[in-house]
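These notes concern the structure reproduced below.
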């Protein structure tokens, strides 16, 4: 029996979520692999991908909580980013090769703010060629890296905030520190690219830090080093459901019906919500269907 199997057999890993502060230089899959070793379980998954250059919030599920990941409402995200004007790159970020340079040191602050204004609100955005968008069943970045031409269609996204926090001048460049709050599917590096194009100087993403995804923020995130020093969940299944979904408390009979996957009376709640038994345990995630509510995920099955 392997060391991991021995640890798991002696001390089973409880189900729940881990909120990790991902370091730069690691893929999301790298983080999953590291957490598997630290926590002693193979059952680890992640919700929402971060590029290797990016840092910040990455939500992971362990054990049965991996089934929760696909139901999490992670439709809003927040970032701190640095945009570098004066150079366009093949990947729209600092990891790509520079394809053009233009002196951007004299770009006016008014022009910058006007350009940002045009990229705020409900917009149509063309994802970066090296994004994870699928084209005929393959990821765009796989096609781009194999030398194939990638043309992606614009799609609607919402940028609810795009604020300039600082502006710095350099030799031929202007750097912007910005705060971005946006819908899922928005590419911040595409915002950097489009801002540079609108200003006529080119631009790319220099740094990116995700500060929030859905209800999960940096306040509850831990580095991998801290996790290694003190292995443990950020929140158990009950806390995760209460954090991510509206809560409805039900009586024992209703909880028992849900645990068997049977429909119960609707609560009049829009979207997915969590039902909790009298002991405070999350029993199921449910959605109303007319007068009844049906489980989309039974968290505490009968028996």
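The values are calculated or read from the model by the stated rules, or taken from the named source; none is laboratory data. Given the structure is predicted, the values throughout are model-derived calculations rather than measurements. Every residue, glycine as well, gets a Cβ built from its backbone with ideal geometry; the counts of neighbours run over all protein chains shown.
What the table below lists for this structure:
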read-out	value
Positions within the stretch 79-98 being in a strand (DSSP E or B) and either more than 20 Å from residue 170 (Cα to Cα) or in contact (Cβ under 8 Å) with a residue 60 or more places away in the chain (or both), in sequence order	79, 80, 81, 82, 83, 84, 85, 87, 88, 89, 93
For residue 12: the one exception among (1) surrounded by fewer than 21 Cβ atoms within 10 Å (Cβ to Cβ); (2) assigned by TED's automatic domain parsing to the domain that holds residue 228; (3) at pLDDT 90 or above	(3)
Conditions (1) modelled with pLDDT of 95 or more; (2) touching a strand residue (DSSP E or B) at 6+ places or on another chain (Cβ under 8 Å); (3) over 23 Å from residue 15 (Cα atoms): number failed by residue 267	(1)
Output for the stretch 216-230, where each listed residue is in contact with a helix residue (DSSP H, G or I) (Cβ under 7 Å, 6 or more places away or on another chain) and either assigned by TED's automatic domain parsing to the domain that holds residue 96 or under 16 Å from residue 55 (Cβ atoms) (or both)	224, 227
Members of the stretch 258-280 that are exposed (fewer than 15 other Cβ atoms within 10 Å of the Cβ) and under 27 Å from the mean Cα position of the chain (by Cα)	270, 271
Number of positions in the stretch 99-114 that are in contact (Cβ under 8 Å) with a residue 12 or more places away in the chain, within 26 Å of residue 158 (Cβ to Cβ) and surrounded by fewer than 21 Cβ atoms within 10 Å (Cβ to Cβ)	3
From 192, 198, residue being out of contact with any strand residue (DSSP E or B) (no Cβ under 8 Å at 6 or more places or on another chain), closer than 18 Å to residue 102 by Cα, modelled with pLDDT of 95 or more and buried (at least 16 other Cβ atoms within 10 Å of the Cβ)	198
Count - residues of the stretch 210-230 that are part of a helix (DSSP H, G or I) and within 15 Å of the chain's Cα centre (by Cα)	2
Answer from 110, 30, 103 - the residue that is modelled with pLDDT of 95 or more, part of a helix (DSSP H, G or I) and either under 24 Å from residue 237 (Cβ atoms) or more than 18 Å from the chain's Cα centre (by Cα) (or both)	110
Residues satisfying the stated conditions in the stretch 221-235, i.e. touching a strand residue (DSSP E or B) at 6+ places or on another chain (Cβ under 8 Å) and surrounded by fewer than 16 Cβ atoms within 10 Å (Cβ to Cβ)	223
Which listed residue, of 27, 76, is out of contact with any strand residue (DSSP E or B) (no Cβ under 6 Å at 6 or more places or on another chain) and either under 21 Å from residue 165 (Cβ atoms) or in contact (Cβ under 8 Å) with a residue 40 or more places away in the chain (or both)	76
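Let's see how each residue does on (1) in contact with a helix residue (DSSP H, G or I) (Cβ under 7 Å, 6 or more places away or on another chain); (2) within 30 Å of residue 286 (Cα to Cα):
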| site | (1), (2) |
| --- | --- |
| 67 | no, yes |
| 74 | no, yes |
| 78 | no, yes |
| 90 | no, no |
| 94 | no, no |
| 97 | no, no |
| 103 | no, no |
| 128 | yes, no |
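Quick grid of which residues meet (1) touching a residue at least 40 places away in the same chain (Cβ under 8 Å); (2) in a helix (DSSP H, G or I); (3) touching a helix residue (DSSP H, G or I) at 6+ places or on another chain (Cβ under 7 Å):
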{"site": "194", "(1), (2), (3)": "yes, yes, no"}
{"site": "207", "(1), (2), (3)": "yes, no, no"}
{"site": "232", "(1), (2), (3)": "no, no, no"}
{"site": "239", "(1), (2), (3)": "yes, yes, no"}
{"site": "242", "(1), (2), (3)": "yes, yes, no"}
{"site": "256", "(1), (2), (3)": "yes, yes, no"}
{"site": "270", "(1), (2), (3)": "no, no, no"}
{"site": "279", "(1), (2), (3)": "no, no, no"}
